[in-house]
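Each remark here refers to the structure printed beneath this line.
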Ligand code: NAP
């Protein structure tokens, strides 16, 4: 299999927040890799924008420092890449720099504006782009998460953006949607005849979606404390994974067809009972402080862990719960969707221990890939015994010489340039997710609920285990 790179049309990409952390870690290296792959060439331009006063040469030197290269050939390519980049200092909420930007973008070229800045800049930047005629009817605007902290603020952000851009021009990033495995989940379900007939409550017993992180919130505790696991992870990333797992087949793989189906899933979610939620905060552990120390707030009741049972009240999923779990300072960094199939209706092997049955694990990180746990005969003599065998497909192995999975940001930026919104959240989708999340958050705020302490390097608080035990189920071990 040979990797196919389909070049995009020449573009002008204006990156606001060009000196920021996200740009440094993900966006600039991602753009360079796409350039090296031949997805765009020297006919495109990238304009870095931020507040600092820098000239083009100083900014290009920064890029040379932050973009990793491993060979001399790559260093040459990096020189060619940085030659496409220029820099403009702009005050996002003032007048400085905007005239220079208006003069720099090229008249006949597609324009995309990537707002890798704090959300309070989205509206002011969008307005200035419109008022100064820098954004055209075909331009696109990309905004980073978080998209609001509740329904009201998400509606306000949507209104600010829609005041200046049409919905088909707005790209709300959830980088989980750019992951290879997430798209493979759709391919698995809708391009094979094997799984879809089984993809319902009659055959699936329950689903577990886990996004576990081993790192603490050190260094971003103050930001995190205003958010917590529910707002930071569940309302967006886990919700997207839930939607893609639970949605009906769209009539075609087109942005609005896919997003219509995702919205229907969110709208079908039952309100979550507080008794179906486990919230936790990590304690201090070997070599690190507690959540409360990192948050700088000894009285904080913000959760660094949450687990919950969610019911999708529709024909396909009635009585098949989805369990969501995410947290910091856990045993391993792992993101996965585990689909537990029901056991066979009748066992013909009486008296023989049966392993846990069929589980399809779709791994997003690390080692993107899929594993299907099956039951086979334990090989060798000694009569009939059953054991578990895994059919494993780790993409990095199975796709060895073809496409190594791209980083999510690389894929998403190129989708913006191509004008493909399929992997971006629509405004009504974000609002529906907040409309579901808000009452849950209000529920524990009204009770002033105190999260349960848990050990770092473990699997979360005891309440999360109880949530499962109560239902006669068990979590998959984190990092299994
Ligand atoms: P950051 O490191 O604080 O960078 C902020 C950027 O905004 C800098 O380039 C800064 O320019 C620029 N800026 C600040 N005030 C400005 C102004 N008045 N006018 C023009 N530019 C201004 O932030 P970040 O971590 O990169 O995050 C950027 C966005 O991505 C945020 O919405 C964040 O929530 C989101 N995000 C970040 C991550 C991550 O891993 N970092 C992950 C997911 C989402 P100067 O440097 O010149 O001051």
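Values quoted throughout were computed directly from the atomic coordinates according to the rules given, and no laboratory measurement underlies them. Treat the numbers as computed from the prediction; the structure is a model and nothing was measured. Note that each Cβ is placed from the backbone with ideal geometry, even for glycine, and that neighbours are counted across all protein chains shown.
Residues are listed down the side, and each one gets a yes or a no for (1) over 14 Å from residue 276 (Cα atoms); (2) out of contact with any strand residue (DSSP E or B) (no Cβ under 9 Å at 6 or more places or on another chain):
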position: 444; (1), (2): no, no
position: 452; (1), (2): yes, no
position: 459; (1), (2): yes, no
position: 462; (1), (2): no, no
position: 474; (1), (2): yes, yes
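If you filter the range 151-189 down to residues that are within 12 Å of the ligand (Cβ to nearest atom) and in a loop (DSSP other than H, G, I, E, B), you find that the one that is farthest from the chain's Cα centre (by Cα) is 173. So which residues in the range 82-101 are within 16 Å of the ligand (Cβ to nearest atom), over 19 Å from residue 123 (Cβ atoms) and surrounded by fewer than 15 Cβ atoms within 10 Å (Cβ to Cβ)? If the condition is that a residue be within 16 Å of the ligand (Cβ to nearest atom), over 19 Å from residue 123 (Cβ atoms) and surrounded by fewer than 15 Cβ atoms within 10 Å (Cβ to Cβ), then 99, 100 are the ones that fit. Residue selection: residue 148 fails the criterion of being within 16 Å of the ligand (Cβ to nearest atom), in a loop (DSSP other than H, G, I, E, B) and free of Cβ contacts under 8 Å to residues at least 24 places away in the same chain.
Is there a residue in the range 13-36 that is within 24 Å of residue 132 (Cα to Cα), touching a strand residue (DSSP E or B) at 6+ places or on another chain (Cβ under 8 Å), in a loop (DSSP other than H, G, I, E, B) and away from the ligand (no atom under 11 Å from the Cβ)? No - not one qualifying residue is present in the range 13-36. Contact annotation: residue pairs with Cβ atoms under 6 Å, 6 or more positions apart or on different chains, pairing a residue in the range 124-137 that is within 19 Å of residue 168 (Cβ to Cβ) with a partner that is surrounded by fewer than 16 Cβ atoms within 10 Å (Cβ to Cβ), are 134/102.
What pairs can you find where one residue is in the range 207-232 and without any contact (Cβ under 8 Å) to a residue 40 or more places away in the chain and over 16 Å from residue 287 (Cβ atoms), the other is part of a loop (DSSP other than H, G, I, E, B) and away from the ligand (no atom under 12 Å from the Cβ), and their Cβ atoms are less than 9 Å apart, with a gap of 6+ or different chains? Partner pairs satisfying both residue conditions: 223/217. Among the residues examined, residue 118 qualifies as within 16 Å of the ligand (Cβ to nearest atom), surrounded by fewer than 19 Cβ atoms within 10 Å (Cβ to Cβ) and within 20 Å of the chain's Cα centre (by Cα). Restricting 378, 407, 462, 420 to residues that are touching a residue at least 60 places away in the same chain (Cβ under 8 Å) and farther than 21 Å from residue 170 by Cα narrows the list to 407.
For the range 69-81, indicate whether the set of residues that are away from the ligand (no atom under 13 Å from the Cβ), out of contact with any helix residue (DSSP H, G or I) (no Cβ under 6 Å at 6 or more places or on another chain) and within 25 Å of residue 125 (Cα to Cα) is non-empty. No, the range 69-81 contains no residue that is away from the ligand (no atom under 13 Å from the Cβ), out of contact with any helix residue (DSSP H, G or I) (no Cβ under 6 Å at 6 or more places or on another chain) and within 25 Å of residue 125 (Cα to Cα). The set of residues in the range 335-380 that are crowded, with 20+ Cβ neighbours inside 10 Å and in a loop (DSSP other than H, G, I, E, B) comprises 358, 368.
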